[in-house]
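Peer 1: One structure, as structure tokens, below. Some questions next.
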Amino acid sequence: MIEILDARKDQIFEKGAQDTFEMTCEKVSVAGSVSQRACVFCGSRVVLYPIADALHLIHGPVGCAAYTWDIRGSLSSGPELHRLSFSTDLRENEVIYGGEKKLYAALTELIETYKPKAAFVYATCIIGLIGDDIQAVCKKVAAEQGIDVIPVHSEGFRGTKKDGYKAACEALYRLIGQDDKAVVSQHSINILGDFNLAGETWIIKEYYKRMGVEVVSCMTGDGRIDEIRRAHKASMNVVQCSGSMTYLAQMMQETFGIPFERVSYFGIEDTAEALYTVARHFHDATILQNTEELVREEVNRIYPEVEKYRQELTGRKAAIYVGGSFKAFSLVKALRHLGIATAIVGSQTGNKEDYEYLEEICDPGTIIVDDTNPLELSRFMAEKNVDLLIGGVKERPIAYKMGVAFCDHNHERKEALAGFAGMINFCREVYASVTSPVWQFSPAKNLRTRKEGTEDASEFCQAAHS
Amino acid sequence: MQANFVKLPTVKKTGPAFVSTRNACKLCAPLGASLVFRGIEGCVPLIHGSQGCATYIRRYVISHFKEPIDIASSNFSEATAIFGGAANLKIALDNLIRQYKPSAVGIASTCLSETIGDDVQGYLEEYRKVHVGVDIPALIYASTPSYRGTHMDGYHEAVKATVVALACGGPRSNSLNIVPGFLSAADLRHLQEIIADFQLPCTMLPDYSETLDGESWSDYQKLSPGGTPVSAIRAMGRAAATIELGRSLAGEETAASCLTEAFGVKRVTLGIPIGIRETDLFFSAVQEIAGCELPQKYAKQRGRLVDAYIDGHKTISGKRAVIYGEADFVASMASFLDEIGIVPSLCATGAPTKKFQEIVSSLLSAGHKDIIIREDADFEDMLDICSKIGVDIIIGNSKGYYLAKNLNLPLVRAGFPVHDRIGGQRILHVGYEGTQQLFDRIVNALIEYKQINSPVGYSYI
Ligand code: SF4
Ligand code: SF4
């Protein structure tokens, strides 16, 4: 059996098993751990990547760029420049003598070739060490080429993924407010924190259209530089994936007085609640009525199908391990709709309040964990005897080896999971995996079925705290 | 079939026109090293640098193998970057040993730790000193800064480092060492089968045929079972010979050359056995070491392959292909295509290796004038060139989907990575059998393409 490292004990809790719930989180991972987290650069890249008419140049050795080529399912309705991977591919000489010249040449040739609306230059670890003045290079190229060239300070070792989100927000913020001429409706919003994975932004935009609400910009799903430039014209910011974008919403509130609300478009209740939140904000009878109609119509449309799945799936147990904690909240609720209890839930980047909220909405006995690793996760899953894991690419093989069904909830997904339509896709995915006949051959699954319920997980969790 | 009579313009090899790399056709060095370390029994790879590198590498490798692959990181922070990684490395080792109880830890450096000048070898000495008398796992260190080499350099560096750290001398055995290079799990299994059929004991390093392509488990395994046992690696210094696959290794300092120097183990450097010509060389080398005839089984495989070549030749004759990937893989593929009558019109590798041109040219039959051989190439370069010269088929890893989509051409997936299909680790490339499978897939891809694009459709070829 595995040992929980001392340094990790305060990042694992079981609801009801300890007197106090105080999650230690937002700290760097323990050295030697196999964390599921990435780095600062990853955070920045995740947020800015969907901007499809911008050039994304990754300054550093080739790895960071090679691993992120076309990595996510962020769709674009027009240009697809974001799907290419550009790197300055620094070699030994540049590491010794500096990479500014190469950066300048690379930026110039790429802007001239691909004619982007703006360029983002991501600094990776090495840049922080060799001390390239990327600010100066960006400024020079911007002046010569007549487009915004924005440095993103995302050196991998300078913090966590969250600091990368922040750096990305700062980059976006530089563009906001540049276009003051645009005329927008008074009932207008920006969508923040949706990345148009599998076309999810389009689903949500369609809802707002039906409600009579204008979407000025989406940051950054199906994103365009010009839209971002006029984002300050909107009357409200609607923030999803709050971990990444709340910081930008706060800056916009301070500078432009735009209020913001945090929402989630995942699951029936949360989607409805998100749309109502926006409708209520405008105090407009038509919008409110449109919204009511929309929600009624959509819920009626999907309800019978959800019900069908609920009957099949009820009584199962799930584990959730995702990047952002807001996603985790919605998943706990959505699973409950299907009669599935959440036995384990965790995130890579949740903060203290997030975990407190999670503790509130979870059933007693639920294991709540921050920044876990394969060894812990597999152990919890075995002990809680879960039927389903919801996670990303790196978690998938863990589930499969253990004979546990899996639902992809990551940035590479090909099925839209947002909105009412997304709920149906979610049900289908969970159903398809959980009820597949292949598990009958899984040794792990068979073993668990045989000794069902003989092991007690709480023992283990208490051991972790003793 | 239409033969390709049009004489295409010869594009001069001018080196990449772009300063930047656009859609890279190479990966970074610690990735190669991590694969090697996962091919050693009970070994955990530890990437000494910041967290992103390890996580990205894991994600990339998992998407190909579809297996759990734990790669730890020493998790550099800002302070580590300033004061050095000694403390982090020590904590990382402590934690890994406690949690995984490994038989070895394979440490790969990163651009980051190399740039700050971390003396990892020194830190490890220290660690060993502190633990004298305590049973600690074997510690292997490979220096793998990516600004100096690609994943293949990392791969070979890690094999070399492992051998240098562990191999011992002693009375000569009749065992054969195989350093297979970066092949699929199915390839490794096939090579082992071949050697076993020659009744030769064999140590293959690395061997991730089980660890990265394993069975379904009944209990979660901290480290997937399989891999070359540390004890077998120790015995590599006593082997009769080492066969290393990859023509670019000739003349380089490699695991095989180190074994020769230190223990007098005979070194045999061969190309990756893809195609009849390269596979013949492989079999005759093994025959010579084993001192016995080619087993019937392989004589028959070869015979069937020749028969298939003849059955399929008209479909492919004169077709033009683009092949890309690791230099040695491309070289062997070029030799294979050349022997079946497909023109390897563009042979590209992302690695800046000067030898590439020479090696590939030496494997082609005389008379080919319009073949472009590019090192330090990326997928945008390839797309530009292919658009100009015209090709019929794309053969290589799944990143070539980008070419296939843009050029509307068939793609035969081979090599690493295969991210958009299941079973990349089970693609067999080597030996007569692997060549047979590749041949069938290539011929069928061309037939299928023609069939799909045929306005009338047909049900016989
Ligand atoms: S190129 Fe260097 S810094 Fe980038 S991921 Fe690879 S090892 Fe890490
Ligand atoms: S080099 Fe730094 S920025 Fe790049 S992947 Fe590694 S940790 Fe992230």
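Peer 1: Considering every residue in A:84-95, what mean count of other chain Cβ atoms within 10 Å of its Cβ is obtained?
Peer 2: Numbers: counts 5, 9, 8, 6, 3, 14, 4, 5, 7, 1, 1, 7.
Average per residue, whole number: 6.
Peer 1: May I ask you to work out the translational diffusion coefficient for region B:307-460 at 25 °C, viscosity 0.890 mPa s, via Stokes-Einstein with Rh from the Kirkwood sum over Cα pairs, reported in whole µm²/s?
Peer 2: Numbers: Rh = 15.7 Å.
The diffusion coefficient I find is 156 µm²/s.
Peer 1: Using R₀ = 30 Å, calculate the FRET efficiency as 1/(1 + (r/R₀)^6) where r is the Cβ-Cβ separation of A:V438 and B:D197; round to 0.05.
Peer 2: Numbers: r = 34 Å, r/R0 = 1.13.
Given R0 = 30 Å and the Cβ-Cβ separation, E is 0.35.
Peer 1: If you look at just the Cα atoms of region B:73-228, how large are its Rg and its Dmax in Å?
Peer 2: Just the Cα atoms of region B:73-228 yield Rg and Dmax of 17.8, 55 Å.
Peer 1: On to the next question. Taking each pair of distinct Cα atoms in region A:188-296 once, what is the resulting Kirkwood hydrodynamic radius in Å?
Peer 2: Details: mean 1/r = 0.0729 Å⁻¹.
After inverting the pairwise mean of 1/r, the radius is 13.7 Å.
Peer 1: If you don't mind, there's one more thing I want to ask. Accessible area of A:T435, 1.4 Å probe, to the nearest 10 Å²?
Peer 2: Counting only protein heavy atoms, A:T435 exposes about 50 Å² to solvent.
Peer 1: What ranking of A:R230, A:R336, B:R58 comes out by heavy-atom accessible area, probe 1.4 Å, highest first? Working shown, then result.
Peer 2: Working: A:R230 75, A:R336 115, B:R58 5 Å².
From most accessible down to least: A:R336, A:R230, B:R58.
Peer 1: Here is a further query. Ignore the peptide's own chain and count Cβ atoms of other chains within 10 Å of each Cβ in A:122-128; give me the average, rounded. Walk me through the numbers on the way to the answer.
Peer 2: Working: counts 0, 0, 5, 11, 8, 0, 5.
Per-residue shielding by partner chains comes out at 4.
Peer 1: On to the next question. Sorting check: for A:151-160, A:127-136, which peptide has the highest mean count of neighbouring beta carbons within 10 Å, and how do the rest follow? List each step's numbers first, then the result.
Peer 2: Values: A:151-160: 26.1, A:127-136: 18.0.
Those peptides, ordered most packed to least, come out A:151-160, A:127-136.
Peer 1: In the protein assembly as shown, if every C-alpha pair distance is counted and binned at 20 Å from zero, what percent goes to each bin?
Peer 2: 14, 44, 35, 7, 0
Peer 1: As a test of reading the structure, rank A:S33, B:S218 by solvent-accessible area (1.4 Å probe, protein chains only), most first.
Peer 2: Working: A:S33 10, B:S218 55 Å².
Per-residue accessible area, sorted high to low, gives B:S218, A:S33.
Peer 1: Please report the relative contact order for region B:121-207, taking Cα pairs under 8 Å with a sequence separation of at least 6, and give it as a percent rounded to a whole number. All intermediate terms of the calculation are to be shown ahead of the outcome.
Peer 2: Values: 58 pairs, mean separation 21.7, N = 87.
Result for region B:121-207 is 25 percent.
Peer 1: For chain A, what are the per-bin percents of Cα-Cα distances with bins 10 Å wide, up to the bin holding the maximum?
Peer 2: 4, 20, 28, 25, 16, 6, 1, 0
Peer 1: Alpha carbon centre of region B:400-430 versus region A:346-362: separation in Å?
Peer 2: One Cα centre to the other: 41 Å.
Peer 1: Straight-line reach from A:K352: which aspartates and glutamates fall under 18 Å, measuring Cα to Cα and dropping same-chain residues less than 8 apart?
Peer 2: A:D10, A:E14, A:D19, A:E22, A:E26, A:D163, A:E360, A:D370, A:D371
Peer 1: While we're looking at this one, here's another question. Counting only protein heavy atoms, what percent of the accessible surface of region A:360-401 is carbon or sulfur at a 1.4 Å probe?
Peer 2: In region A:360-401, the share of accessible area belonging to carbon and sulfur is 46 percent.
Peer 1: Right, here's the next one. Using a 1.4 angstrom probe on protein heavy atoms only, which residues from region B:39-62 are buried by at least 30 Å² of accessible area when all chains are present rather than their own chain alone?
Peer 2: B:S50, B:Q51, B:G52, B:T55, B:Y56, B:R58, B:R59, B:Y60, B:I62
Peer 1: Quickly rank B:157-166, B:232-241 as a protection proxy: mean count of other C-beta atoms within 10 Å, highest first.
Peer 2: Values: B:157-166: 23.9, B:232-241: 21.6.
Ranked from most to least packed, the peptides come out as B:157-166, B:232-241.
Peer 1: Here's a follow-up. Can you tell me the FRET efficiency between B:K101 and A:D180 if r is taken as the Cβ-Cβ distance and R0 is 60 Å, rounded to the nearest 0.05?
Peer 2: On the way: r = 63 Å, r/R0 = 1.06.
For B:K101 and A:D180, the calculated efficiency is 0.40.
Peer 1: Moving on to the next point. Take the solvent-accessible surface of the protein heavy atoms, probe 1.4 Å, and return the percent of it on region B:313-452 that carbon and sulfur atoms account for.
Peer 2: Details: 2400 of 4710 Å².
For region B:313-452, the apolar C and S fraction of the accessible surface comes to 51 percent.
Peer 1: I would also like to ask the following. What translational D, rounded to a whole number of µm²/s, comes out for region A:381-440 from Stokes-Einstein when the hydrodynamic radius is the Kirkwood one over Cα pairs, at 37 °C and 0.692 mPa s?
Peer 2: Numbers: Rh = 12.0 Å.
In µm²/s, the coefficient rounds to 274.
Peer 1: For region B:131-140, take each phi angle, set θ = phi - 60°, evaluate the Karplus expression 6.51 cos²θ - 1.76 cosθ + 1.60, and give the result in whole Hz per residue in order, putting x for glycine and proline.
Peer 2: Running phi through 6.51 cos²θ - 1.76 cosθ + 1.60 with θ = phi - 60° gives 9, 4, x, 9, 7, 10, x, 4, 10, 10 Hz.
Peer 1: As a test question: what accessible area, to the nearest 10 Å², does B:E358 have when a 1.4 Å probe is rolled over all protein chains in place?
Peer 2: 130
Peer 1: Per residue, what accessible area does chain B have, given a 1.4 Å probe and all protein chains present, in Å²? If you can, show how the numbers build up before the last one.
Peer 2: Numbers: 17090 Å² over 461 residues.
Averaged over the residues of chain B, the accessible area is 37 Å².
Peer 1: Now, a different point. Just tell me how shielded B:213-219 is by partners: mean number of partner chain Cβ atoms within 10 Å of each residue's Cβ, no decimals.
Peer 2: Numbers: counts 0, 1, 2, 11, 9, 10, 8.
Across the residues of B:213-219, the mean count of other-chain Cβ atoms within 10 Å is 6.
Peer 1: Still on this structure: Give the ranking of A:W202, A:W439 by solvent-accessible surface, highest area first, calculated with a 1.4 Å probe.
Peer 2: Details: A:W202 95, A:W439 35 Å².
Largest accessible area first, the residues go A:W202, A:W439.
Peer 1: For the A and B pair, go ahead and give the buried accessible area with a 1.4 Å probe, both sides summed, in Å² to 100.
Peer 2: Numbers: alone 19560 and 19920 Å², together 33630 Å².
That pair of chains buries around 5900 Å² in total.
Peer 1: Using the scaling law 2.2 N^0.38 Å as the reference, what is the normalised Cα Rg of chain B? Spell out each step's value before the answer.
Peer 2: Details: Rg = 22.6 Å, N = 461, 2.2 N^0.38 = 22.6 Å.
Chain B yields a ratio of 1.00.
Peer 1: Given a Förster distance of 60 Å, report the FRET efficiency between B:V132 and A:E206 from their Cβ-Cβ distance, rounded to the nearest 0.05. If you can, show how the numbers build up before the last one.
Peer 2: Details: r = 69 Å, r/R0 = 1.14.
E between B:V132 and A:E206, to the nearest 0.05, is 0.30.
Peer 1: Further question on the same structure: Okay, helix-only estimate at 222 nm for the protein assembly as shown: each DSSP H run of n ≥ 4 adds -39500 (n - 2.57), divide by all residues, round to 500 deg cm²/dmol; what do you get? Provide the component values of the computation, followed by the final result.
Peer 2: Details: 36 runs with 418 residues, N = 927.
Rounded to the nearest 500, the figure is -14000 deg cm²/dmol.
Peer 1: Report, in whole Å, the centroid distance computed from the Cα atoms of region B:162-196 and region A:148-168.
Peer 2: So the two Cα centres are separated by 44 Å.
Peer 1: Right, here's the next one. Computed on alpha carbon atoms, what radius of gyration and Dmax characterise region A:314-466, expressed in Å?
Peer 2: Spelled out, the Cα radius of gyration and Dmax of region A:314-466 are 14.7, 46 Å.
Peer 1: If packing is taken as the mean number of other Cβ atoms within 10 Å per residue, what is the order of A:415-427, B:92-104, highest first? Write out the running numbers ahead of the final one.
Peer 2: On the way: A:415-427: 23.1, B:92-104: 20.5.
Most protected by this proxy first, the peptides run A:415-427, B:92-104.
Peer 1: Then there is this: Could you state how much accessible area B:K450 has, in square angstrom rounded to the nearest 10, with a 1.4 Å probe and all protein chains kept in place?
Peer 2: 120
Peer 1: What three numbers, in Å, describe the spread of the alpha carbons of region A:40-175 along their principal axes, ordered from the longest?
Peer 2: Principal-axis extents of region A:40-175 (Cα, largest first): 42, 34, 26 Å.
Peer 1: Using 7 Å Cα-to-Cβ label points, what is the B:Q296/A:R428 separation (nm, one decimal)?
Peer 2: 5.4
The values are calculated or read from the model by the stated rules, or taken from the named source; none is laboratory data. None of the values given here were measured: they were computed from a predicted structure. Positions of Cβ are generated from backbone atoms using ideal geometry, with glycine treated the same way; all protein chains shown enter the neighbour counts. Heads up: the accessible areas ignore ligands, DNA and RNA and are worked out on the full protein's heavy atoms, side chains in. Shrake-Rupley method; radii C 1.70, N 1.55, O 1.52, S 1.80 Å.
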